[in-house]
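First up is the structure itself, then whatever we jot down about it.
The values are calculated or read from the model by the stated rules, or taken from the named source; none is laboratory data. Bear in mind the structure is a predicted one, so any value in this text is a computation, not a measurement. Positions of Cβ are backbone-derived with ideal geometry, glycine not excepted, and every protein chain shown enters the neighbour counts. Keep in mind that these areas ignore ligands, DNA and RNA; they rest on the heavy atoms of the full protein, side chains included. Shrake-Rupley method; radii C 1.70, N 1.55, O 1.52, S 1.80 Å.
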Amino acid sequence: EINSGDEIEELADVFNKMMYKTHDYIEGQERFVSDVSHELRAPLAVLDGHVNLLLRWGKDDPEQLKESLEASRQEIKKMSSMIQDMLDITRLKQSDEFQTEETEVVGSVTDLMNNMEMIHQTCSFAFEANLEPHAKAQIYKNHYVQALTILIDNAIKYSGAGQSYVKVTLSEDDRNIITSVSDRGMGICEEDQAHVFERFFRADKARNREIGGTGLGLSIIANIAQMYHGSVSVKSELGEGSTFTLVLPKAESLYNL
Ligand code: ADP
């Protein structure tokens, strides 16, 4: 027996759910565009200021010429990394329906750390693997390496001057591969820890102005974690250091043996 009233109600329900989803999506997009415009306005204003200085004094004052060109270059760099980060986020969001691959984590981490060691020679790196040597996570290798690169770069960046120390630890439980990146850097106060994965959030703005960044790196990781049904979290003590932990499902093939 078909009760048409029920069917219409069901249909209305599905329709409403779809509309809510669309509404959320559009709202999300609008917020993204407005966040981005707002963030790009600051470096553009500085750039505009320096171009005006250059027009006025640049010809006669070599000091001013040098300073303003240098400052302009900094702002341009800031804007390009912001745009690059935003493209990364958009690309992640677009790959909503996708096939993932299985990535061997120990090999991926070893390769990445070898590269990092070459680039950051004053930094000391440690790696500990407490898992099956060929353990695989269900994630595109590029996304895994991208997330890890951001975490290691941050660990170095927020360790301050002098020798920085970064430790990567891999472990596993029944379902997940767990990747942790620890540093002995400046740490993050408790209040800020709740916000670091938000877009454009930067802890301690005054201090961090000196340290380049867009406030987008960790939100890229949050997107990656969500995409693969994993999670990312932080534990930190101000002045002591931070540990970021990325939990990703193990490769599906491991369950089908
Ligand atoms: P960015 O580094 O470009 O500012 P992120 O999204 O990667 O952006 O990080 C957001 C903020 O979280 C940083 O500005 C910084 O305040 C804080 N943070 C991230 N990683 C660390 C870390 N390892 N140690 C201390 N603070 C960190």
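Report the calculated FRET efficiency for D173 and R41 (r = Cβ-Cβ distance, R0 = 51 Å), to the nearest 0.05.
Values: r = 45 Å, r/R0 = 0.88.
Step by step, r from the Cβ atoms, then E = 0.70.
Please label the shape of region 151-257 as rounded, prolate or oblate, based on the square roots a ≥ b ≥ c of the eigenvalues of the alpha-carbon gyration tensor (a/c under 1.5 means rounded; beyond that, a/b larger than b/c means prolate, else oblate).
Working: a/c = 2.55, a/b = 1.79, b/c = 1.43.
Prolate shape, in that a/c is at least 1.5 and a/b is the bigger ratio.
Tally up the carbon and sulfur contribution to the accessible surface of region 47-150 as a whole percent, 1.4 Å probe, everything protein left in place.
On the way: 3500 of 6630 Å².
Carbon-and-sulfur percentage of accessible area, whole number: 53.
Go through region 236-242 residue by residue and turn each phi into a ³J(HN,Hα) via Karplus (6.51, -1.76, 1.60, θ = phi - 60°); whole Hz please, and just put x for glycine and proline.
7, 10, 4, x, 10, x, 9
Would region 27-136 count as rounded, prolate or oblate if I go by the C-alpha gyration tensor, calling it rounded below 1.5 in a/c and otherwise prolate when a/b exceeds b/c, oblate otherwise?
Working: a/c = 4.68, a/b = 1.69, b/c = 2.76.
Verdict is oblate for region 27-136.
Rounded to the nearest 20 debye, what is the charge dipole size of the chain about its Cα centre when +1 sits on each Lys and Arg Cβ and -1 on each Asp and Glu Cβ?
Details: 25 positive and 43 negative charges, 257 e Å.
My answer is approximately 1240 debye.
In percent, how large is the relative contact order of region 161-236, given Cα pairs closer than 8 Å and 6 or more residues apart? All intermediate terms of the calculation are to be shown ahead of the outcome.
Values: 68 pairs, mean separation 17.2, N = 76.
Relative contact order comes out at 23 percent.
What whole-number value in Å² describes the accessible area per residue of the chain for a 1.4 Å probe? Show your work: numbers first, answer last.
Working: 16150 Å² over 257 residues.
With all protein chains present, the chain gives 63 Å² per residue.
Relative to the longest principal Cα axis of the chain, at what angle does helix 62-94 sit, 0 to 90 degrees, rounded to 10?
Result, in degrees: 0.
Take Y20 and Q163, extend 7 Å from each Cα along the Cα→Cβ direction, and tell me the distance between the two endpoints in nm.
5.6 nm
Work from the charge dipole of region 45-147 (Cβ charges, +1 for Lys and Arg, -1 for Asp and Glu, about the Cα centre) and give the residue of I76, P133, G58 farthest towards its positive end.
G58
Between the helical axis of 105-119 and the dominant principal axis of the chain, each derived from Cα atoms, what acute angle in degrees is found, rounded to the nearest 10?
It is inclined by approximately 0 degrees.
List the aspartates and glutamates whose Cα lies under 14 Å from the Cα of K17, skipping any in the same chain that are fewer than 8 positions away.
Within the straight-line cut-off, K17 pairs with E9.
Tell me what the chain gives for mean residue ellipticity at 222 nm when only DSSP H runs of n ≥ 4 count, each as -39,500 (n - 2.57), the sum divided by the residue total, rounded to 500 deg cm²/dmol.
Numbers: 7 runs with 138 residues, N = 257.
Mean residue ellipticity, 222 nm, calculated: -18500 deg cm²/dmol.
Taking the Cα-to-Cβ direction at E190 and at E70 and moving 7 Å from each Cα, how far apart do the two end points lie in nm?
Those two pseudo-labels are separated by 4.2 nm.
With +1 on each Lys and Arg Cβ and -1 on each Asp and Glu Cβ, how big is the dipole of region 40-104 about its Cα centre, in debye rounded to the nearest 20?
Details: 9 positive and 14 negative charges, 108 e Å.
For region 40-104, the charge dipole is close to 520 debye.
Can you give the alpha-carbon Rg of the chain over 2.2 N^0.38 Å, where N counts its residues? Please report the intermediate quantities before stating the final value.
Values: Rg = 22.8 Å, N = 257, 2.2 N^0.38 = 18.1 Å.
That works out to 1.26 for the chain.
Which pairs, out of K205/K235; K141/K250; K77/K235, put more than 22 Å between their alpha-carbon atoms?
K77/K235
If you take the square roots of the eigenvalues of the alpha-carbon gyration tensor of region 1-52 and sort them as a ≥ b ≥ c, do you get rounded (a/c under 1.5), prolate (a/b over b/c) or oblate?
On the way: a/c = 12.42, a/b = 10.66, b/c = 1.17.
It comes out prolate by the Cα gyration axes.
Once you put a point 7 Å from the Cα of E7 and another 7 Å from the Cα of S34, both along the Cβ direction, what distance in nm separates them?
Between E7 and S34, the label points sit 4.2 nm apart.
For the ranges 145-154, 118-127, what's the packing order if you count other beta-carbon atoms within 10 Å of each residue, average per peptide, and put the highest first? All intermediate terms of the calculation are to be shown ahead of the outcome.
Details: 145-154: 20.8, 118-127: 12.0.
Put in order of decreasing packing, that is 145-154, 118-127.
Out of residues 5 or more away from N176 or on other chains, whose amide H comes under 5 Å of its own, with H placed 1.01 Å from N in the peptide plane?
Result for N176 returns K250.
Using the Cα centre as the reference, give the magnitude of the dipole from point charges on the C-beta atoms of region 115-257 (Lys, Arg: +1; Asp, Glu: -1; all else neutral), rounded to the nearest 20 debye. Intermediate values should be presented prior to the final figure.
On the way: 13 positive and 17 negative charges, 82 e Å.
The calculated dipole for region 115-257 is roughly 400 debye.
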